[in-house]
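The values are calculated or read from the model by the stated rules, or taken from the named source; none is laboratory data. Owing to the predicted nature of the structure, the values given are computational and were not obtained by experimental measurement. As a convention, Cβ positions derive from the backbone with ideal geometry for all residues, glycine included, and neighbour counts pool all protein chains shown.
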Ligand code: GDP
């Protein structure tokens, strides 16, 4: 993945001199090389111009961060920029209805049918009961293919002969309801190229079943064409996100970097191989690291930053001792956890949180959004002293955050328990946990 781009970016970043400030000349030199690397990787020209401009603003005259070398500061800045361009936050979907309906669309050969099965498998591994629905009736092999994959995965496949695709889909919803399947994944028809009849059929399908998600499956190997296809599907049907397939074979990564800015829709998953387990949730920051191919250097940067964090952690520790640890501090710490790849081990350390059964990153994100909304609905005084939050205030906060009093109570309890635990620990252990929260 990204071998070409990675090599060129490494080359572009190599020539940084060691000084306290990044000079305009240095920045322009780096930017020129980054620009060429991106263009050669087939990133959309408009996006390249945006990246160049944004990086210029961020880099010229930038003070070298404490504990970092000039080279590391630039790598860090470029990494953040690429993360932004890729969509900043990871987004999949919040399953909030039953059955939850996901419709996969895309042109023939993009990997749509395979991806339906991969997605069903991924959801199954998270405890969901998927139903696969074969609506690609023009390609009889696709129905067979889905049935074979379904059998392998022990996931039912709904299909019907001599029936219109939208009617098959409608009937499948009834089947799902009466058979306890909570997610319906619809494989739709594709064509070798985009044509108007296909678009119309997909619009009919969309209006008939009203899916919660319409995901466009695109083959990353077709480069810029993927962006054009995505634009067309989004204009005509309205998609909620994308799945890029064959990322294992695409060494350039250009389309991936263009899509969010040009189409405005997030990439939600990536296909990374032919095996049924080769589907990953899309994490912009991790992909940005892979594009830069500087895992080791980025780790070093993180470590150096953590050293700076130590000061902040000591202050937090002081606040805890003095009973001044506020709900805002609590939220700050949780947000740091979110930035980490693997959260399971640290979540275990926080009393209260592990009881919410945060088994995976998605659940954690949903929970964190809720917690953020609740804390942001509090007044400054309430955040500083949660003890004044009485029943009336709880009702107001619940209303303001679109949650309920029970959730507000739960959060306050978590906060109280964390507070208690941190105070009960000896200084070194508490500091250790706080440091880990920031990793
Ligand atoms: P559809 O016509 O869009 O339904 O495409 P298929 O699901 O039949 O896939 C077309 C081909 O792409 C098949 O040979 C798949 O095995 C292959 N394919 C799908 N996703 C990936 C992927 O992520 N990596 C690789 N290497 N091959 C993939």
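Listed values, structure above:
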read-out	value
Some residue of the range 38-56 being part of a helix (DSSP H, G or I), in contact (Cβ under 8 Å) with a residue 40 or more places away in the chain and farther than 15 Å from residue 256 by Cβ	yes
Selection within the range 181-198 - within 16 Å of residue 112 (Cα to Cα) and modelled with pLDDT under 95	188, 189, 190, 191, 192, 193, 194, 198
Candidate set: the range 127-160, residues that are out of contact with any strand residue (DSSP E or B) (no Cβ under 9 Å at 6 or more places or on another chain) and farther than 19 Å from residue 110 by Cα; chosen: the one modelled with the lowest pLDDT	127
Test: residue in the range 255-273 that is at pLDDT 90 or above, more than 22 Å from residue 91 (Cβ to Cβ) and not in a helix (DSSP H, G or I)	yes
Helices (runs of 4 or more DSSP H) wholly inside the range 100-182 that include at least 3 residues being more than 28 Å from the chain's Cα centre (by Cα) and touching a residue at least 12 places away in the same chain (Cβ under 8 Å)	140-153, 165-178
